[in-house]
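The values are calculated or read from the model by the stated rules, or taken from the named source; none is laboratory data. In this text the structure is predicted, and so the values were computed from the model without any measurement. As a convention, Cβ positions derive from the backbone with ideal geometry for all residues, glycine included, and neighbour counts pool all protein chains shown.
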Amino acid sequence: MELIDIIEYCILIFGLYYLYNISTSYLSIKSRREFYNKYRILFFLAIVGDIGTILSFQVFWLTSYFNSHRIIEIFIKIALAIFSMINQFLVYELEEEQFNMNKRRNRESGEYNIGDGKLGFKIINRLFLLIILYKFFNRNEPI
């Protein structure tokens, strides 16, 4: 198994995690109308980005298209990295809103739960950068 294979699997795992996190948060945040109206477009872009990440892995796994069209793969990975940044922003906002909702709920019941409220997802951006640089600098390698 090569490094590129491991990176693609990690990107798929993060894509599935984003999809799970956004879909479960969507159901709980839908009740907060002003928050949902504010981030409705980001919800849509995040879902599109997650589906694109999963489809990109399927193209990588089931075909050899990316091996013969490396420049197209680089552009696809750059677009998926942009969607990943949108997912990061949305997940940060969702976690902050969940933290505020739990804080209000705990304040009413007299309990206090102290947490950071944000979880860093910087690994997937580094994976995208690593795969883009690898494909760019090894583009003259025989197929």
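Note on region 1-33: residues that are closer than 15 Å to residue 88 by Cβ and small (Gly, Ala, Ser) total 2.
Any residue that is closer than 22 Å to residue 124 by Cα and either at pLDDT 85 or above or not charged (D, E, K, R) (or both) - is there at least one of those in region 30-38? Within region 30-38 (the criterion being closer than 22 Å to residue 124 by Cα and either at pLDDT 85 or above or not charged (D, E, K, R) (or both)), the answer is no, since none of the residues qualifies.
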